[in-house]
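Each remark here refers to the structure printed beneath this line.
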Amino acid sequence: MKRLLVFIRKEFYHVFRDQRTLLILFGLPVAQIILFGYALSSEVKNIGIAMQDNSHDIHTEKIIRKIQSSSYFKTESPILDYKDIENRFKDGSIKCAVVFPANFGSDLQRIGGAKIQVIADASDPNTATIVTNYLNAIVNDYQRDLNSSAKINYQIVPELRQLYNEQQNGSLNFIPGVIALIFMIVCTALTSVSVVREKELGTMEILLVSPFKPIMVLIAKAIPYLVLSLINFMIIMFLSVYLLNVEIKGSFLLLLAESILFIITCLSLGLLISNVTDSQQTAMLISMMGMMLPTLLLTGFMFPLENMPWIFQAISHLIPSHYYYIIVKSVMLKGLGFSYVWKETLILIGMALFLLTIALKKFKIRLS
């Protein structure tokens, strides 16, 4: 253990002597949090939506058919109980719900006006705004058709409610994605050059003749970046809460534990890349281009996955940050517990064990 601590201290020295590494470690996360906290919007399609029709009249049926025929929505099974709406939002099966009151048709005929309740998941405020605008357009279109063939002007008023983000804070959508992106850069990219650096500097022979086993070498390489990533996590949380006014609605300890798991997964991937490459340039290129771009494009925080072809949706399930993004949104923004993210957690655990096992097998104990 004493030898391991000495080796870990040596790795810390390597990190702190490189100013470029320190800039990536601490400068990049702050810059990304500030920049991504205020930007970007995208078109959305195939949004999961469910309806609760308490009226069952000709008007509600026609409006529902208009919603079902829209390419913007993917209609899920009808809502039978109003209390079930929140559960449908929590399990992620829908992002919007439409509730028709029991007296919708009679109010429309009797007083010339009726109301519809529209409930949207505003943990992604851009999507929520676009979805409610789409529904407003559909209702207004039906209202115009109705008025064109009637002697009186009917008025249908949607009552909008947006869950998880009443203030429409755009930062809420980007914070989880930026956290995943930062960990991918810090953990995967920087760790990927840790072993290959020893090869280029000619110090790999010292490691190979030392009494350390390969697992101890990899642990010593990974621990400094694990510690520094946790410091980054604390900085991100501080900036999110006090600069971007993001409220942590769920358990902070659960969020911390899930972040540690994701960091370990990224470290394992970085060590694997470092073991199979022979130069720092190659390792950095694979980690940055091979993992950073998929994290940006296929995680879901910049571009909605529902709008992508099925092949890209399938590829997104191979990226660890995809599951971490779901976990952070569920815990941090929706206030959900472990019972809602256990599947993603098990997948990350499996990925971490698989990547670490392959990294150990690929660790070369002899120089070619």
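Scanning segment 58-81 for residues that are outside any helix (DSSP H, G or I) and free of Cβ contacts under 8 Å to residues at least 40 places away in the same chain turns up S71, T75, E76, S77, P78, I79, L80, D81.
Is it the case that some residue within segment 337-344 is touching a Gly at 6+ places or on another chain (Cβ under 8 Å) and either surrounded by fewer than 18 Cβ atoms within 10 Å (Cβ to Cβ) or on the phi > 0 side of the Ramachandran plot (or both)? Break it down stepwise before answering.
So in segment 337-344, the residues touching a Gly at 6+ places or on another chain (Cβ under 8 Å) come out as 337.
From what is left, the residues that are either surrounded by fewer than 18 Cβ atoms within 10 Å (Cβ to Cβ) or on the phi > 0 side of the Ramachandran plot (or both) are 337.
Among the residues of segment 337-344, at least one is touching a Gly at 6+ places or on another chain (Cβ under 8 Å) and either surrounded by fewer than 18 Cβ atoms within 10 Å (Cβ to Cβ) or on the phi > 0 side of the Ramachandran plot (or both), which makes the answer yes.
Across segment 110-137, the number of residues qualifying as out of contact with any strand residue (DSSP E or B) (no Cβ under 9 Å at 6 or more places or on another chain) and part of a helix (DSSP H, G or I) comes to 4. Please go through segment 65-108 and pick out each residue that is open to solvent by 10 Å² or more (accessible area, probe 1.4 Å) and in contact with a Pro (Cβ under 9 Å, 6 or more places away or on another chain). The answer is D107, and nothing else. Yes or no: L293 without any contact (Cβ under 8 Å) to a residue 24 or more places away in the chain, part of a helix (DSSP H, G or I) and within 21 Å of L190 (Cβ to Cβ)? So L293 fits the description; yes. Looking at (1) outside any loop (DSSP other than H, G, I, E, B); (2) modelled with pLDDT under 70; (3) buried (at least 22 other Cβ atoms within 10 Å of the Cβ); (4) of a type outside the set (F, W, Y), which is the only condition I175 fails? Here I175 clears every test but (2).
Taking the conditions exactly as written (aliphatic (A, V, I, L, M), open to solvent by less than 30 Å² (accessible area, probe 1.4 Å) and at pLDDT 80 or above), does I130 satisfy them or not? Break it down into steps so the answer makes sense when it comes.
Details: aliphatic (A, V, I, L, M): yes; open to solvent by less than 30 Å² (accessible area, probe 1.4 Å): no; at pLDDT 80 or above: yes.
So I130 does not fit the description; no.
Please state which one of F252, F262 is open to solvent by less than 10 Å² (accessible area, probe 1.4 Å), of a type outside the set (S, T, N, Q) and modelled with pLDDT of 90 or more.
On the way: F252 fails: open to solvent by less than 10 Å² (accessible area, probe 1.4 Å).
Testing whether each residue is open to solvent by less than 10 Å² (accessible area, probe 1.4 Å), of a type outside the set (S, T, N, Q) and modelled with pLDDT of 90 or more leaves just F262.
Name the one entry in K95, K62 that is within 23 Å of N307 (Cβ to Cβ) and charged (D, E, K, R). If you could, list the steps in order and put the result at the bottom.
Values: K62 fails: within 23 Å of N307 (Cβ to Cβ).
After ruling out the rest, the residue left standing is K95.
The residue of segment 290-322 that is farthest from F73 (Cα to Cα), among those that are open to solvent by 20 Å² or more (accessible area, probe 1.4 Å) and of a type in the set (V, I, T), is I315. Pick out the one residue from S274, S268, S287, S229 that is open to solvent by less than 10 Å² (accessible area, probe 1.4 Å), assigned to a helix (DSSP H, G or I) and touching a Gly at 6+ places or on another chain (Cβ under 7 Å). Criteria check complete, one pass: S287.
The values are calculated or read from the model by the stated rules, or taken from the named source; none is laboratory data. As the structure is a computational prediction, the values presented were derived from the model and not from experiment. All Cβ positions, even for glycine, are placed from backbone atoms using ideal geometry, and neighbour counts span all protein chains on display. We work out accessible area using only protein heavy atoms, side chains counted, and drop any ligands, DNA or RNA first. Shrake-Rupley method; radii C 1.70, N 1.55, O 1.52, S 1.80 Å.
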